[in-house]
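One structure is given here, and the rest of the page talks about it.
The values are calculated or read from the model by the stated rules, or taken from the named source; none is laboratory data. These numbers were taken from a predicted model, which means no experiment stands behind them. Cβ coordinates were reconstructed from backbone atoms using ideal geometry, including for glycine residues, and neighbour counts include every protein chain displayed.
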Amino acid sequence: MQSLRQNEVKQVCPQGCCPTLLFNSSPQSHNITKPRNSSSECRHNFAATTTSSIFPNTKFTNHESLPSLQQSLNEFNKVYPQYPETEQVDKVRATEYYHLSFSNHTCLDYIGIGLFSYHQRQQLQHHDASKTQLASSSTPPQSPQRYSDIPFFSIAYKTGNLKTLLLHGGYESEFESAMRRRIMKFLNISENDYFMVFTANRTAAFKLVADSYPFQSSEKLLTVYDYESEAVEAMINCSEKRGARAMSAEFSWPRLRIQSTKLRKMIESKRKKKRKGLFVFPLHSRVTGARYPYLWMSRAHENGWHVLIDACALGPKDMDSFGLSLFHPDFLICSCYKVFGESPSGFGCLFVKKSAISVLEDSSIAGIVNLVPEKRLHQQLEDSSGTDVENEKKSAASSLQEDELASLTSFSGHLQTTRFEGERKREIEASELQIIEVPADILGTQRPVENLQDKNVQDSEIGRFYFEYRCLDQVDSLGLRMITDRARYLINWLVNSMLKLKHPSTEGAPLVKIYGPKIKFDRGAALAFNVFDWKGEKVEPVLVQKLADRNNISLSYGFLHHLWFADEYAEEKGRVLQSKEGKGQDVTVKKKKERDNLGVTVVTAALSFLANFEDVYNLWAFVARFLDADFVEKERWRYTAINQKTIEL
């Protein structure tokens, strides 16, 4: 890993006290005079201020009594006076992701790293329409294509095995090379230490490791997840088939803190063995927002484990403050999507430490992919015939054919690209070009779009462009402090406001139950909660999600598991645990598989770096509508009336 940028890892509390360096390993750091107020005191003050200043001594029992958006924003800014300093995020959202405002869409179901901006794809769409009109002067102007017809790229599967690819390499297009280097630069990961491969998705990356790790000799698989993950479950199933003994950390009810004593015992097993197995650690729960100390990674390494870090739930700049320059995992997985607020299609990234390659085993695997510009993929599919396996082999082989590459672009002459800052420009022949065929104005230069319609413009001039990963550039420009501070203010306001919603009864029963950390300085920007009616019965998360979607709010739902209940919560344990299918179960079951099937279904919300106050207010106002005992029935009637048919919610 590259060394951390010191100016990026400074973190200052909202009250302006106790600036601290998250990482400073220099000898001089021990001689620095401590600030008057300690970091822990500032964190405590932040939580206390949030609790006491947001709707103090107030409870809301009617959704119509909620203050307006503007009133709430004014009060929000008084509690968090530094929030307006993050207005640059609002400018980026307004200019590059304006579809979120135009569609009045509250997008709270994305976690991951975006590559491109909505404005980029609109420019690409405009260019595609302009090029169509230039193709034939007799053809009348056509409306722009839908985005789904012109994605930035698609994926094509490779064959082979992971270890061979890591040891001997493989064909990589200029497009893939630029993508890989830009992502590694963004994540602050050094090519000197790690190899990176593209995978079809997050699940494929986990399965690749499970298929290649030597579980016959290092048989343990230890995971740390407070929720059910499709990717992790796929890894566990695959690993157990290969002889692994799967174990999991447990989480204390109701805050879902790691049961540290139990996890330490599993990591520090006294059984003498050079390598115990694979430790899979997320650092941040993508469901509850709980953050876990990365020192667990160091402890696992010291006790003979290989470590896989799941970075899929980290914020877009968390890697900069993450400490990977101090603790080097053997494997790291993250996921990337194309455009925030659109279809979250994209790919997974698997990073393998070069020193860990030797421990992997040869295996027949699937899931490694090539990134292919869409039009090139269409060409491959049109030329292919035979079985799916044969087609995949043809797809990989065809990437090496220069004559096919030349047919994929209308450019001629020399084309100039810039990979990213710090690298020199390089001229390549058109036959070598493996980037989406877009001209200069689409991806970075200042030449107006209308110049595309000037037939006198030479092809070589049109073809000169800079390829941008605009979303990554925007996040780099905004920086760690602005993004994390903004998320901290928004998520803690949302948590506090949710807890102010009470049913109109003398007891004031809460409408919402939050699982995991509540108001906390360093919680993640994800929230797990459930809504309860006036009788104390849970409204099913799937129903809440459907109703939210109908109100233009995108939420998700998840399943919390591996829960540990202290004796004082024994009675509550029987009420809250249920199967994945939502049915109550006997909580005294002894078999591990049956215990793992017990948990709590929850609604989940995640704040992206583009989230604003209106997003969290919209969610709060929507949830408050459940204070109306007839809300669900009214929604069912309204939906039936509009669609003229009965829909079972």
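Scanning the stretch 505-560 for residues that are in a helix (DSSP H, G or I) and either of a type in the set (D, E, K, R) or not assigned by TED's automatic domain parsing to the domain that holds residue 578 (or both) turns up 546, 549, 550.
Restricting attention to the stretch 340-359, which residues are closer than 21 Å to residue 275 by Cβ and either surrounded by 23 or more Cβ atoms within 10 Å (Cβ to Cβ) or not assigned by TED's automatic domain parsing to the domain that holds residue 193 (or both)? Let's see the steps before the verdict.
We begin by selecting, within the stretch 340-359, every residue closer than 21 Å to residue 275 by Cβ; these are 350-359.
If the condition is that a residue be closer than 21 Å to residue 275 by Cβ and either surrounded by 23 or more Cβ atoms within 10 Å (Cβ to Cβ) or not assigned by TED's automatic domain parsing to the domain that holds residue 193 (or both), then 350, 351, 352 are the ones that fit.
Being touching a helix residue (DSSP H, G or I) at 6+ places or on another chain (Cβ under 9 Å) and not polar (S, T, N, Q) holds for only one residue in 182, 255, and it is 182.
List the helices (runs of 4 or more DSSP H) inside the stretch 168-271, counting only whole elements, that have at least 2 residues being within 22 Å of residue 296 (Cα to Cα). Don't jump to the end; show me each part of the working.
Details: elements: 174-187, 202-212, 230-241, 260-267.
Ranges flagged: 202-212, 230-241, 260-267.
Residues in the stretch 302-312 that are surrounded by fewer than 24 Cβ atoms within 10 Å (Cβ to Cβ) and of a type in the set (Asp, Glu): 302 only. When 178, 210 are screened for being modelled with pLDDT of 95 or more and of a type in the set (A, V, I, L, M), only 210 passes.
Quick grid of which residues meet (1) under 30 Å from residue 233 (Cα atoms); (2) at pLDDT 95 or above:
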{"residue": "602", "(1), (2)": "yes, yes"}
{"residue": "608", "(1), (2)": "yes, no"}
{"residue": "613", "(1), (2)": "no, yes"}
{"residue": "638", "(1), (2)": "no, no"}
{"residue": "644", "(1), (2)": "no, no"}
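Considering the stretch 274-301, the residues that are among the aromatic types (Phe, Trp, Tyr) and in contact with a strand residue (DSSP E or B) (Cβ under 7 Å, 6 or more places away or on another chain) include one that is surrounded by the fewest Cβ atoms within 10 Å (Cβ to Cβ), namely 292.
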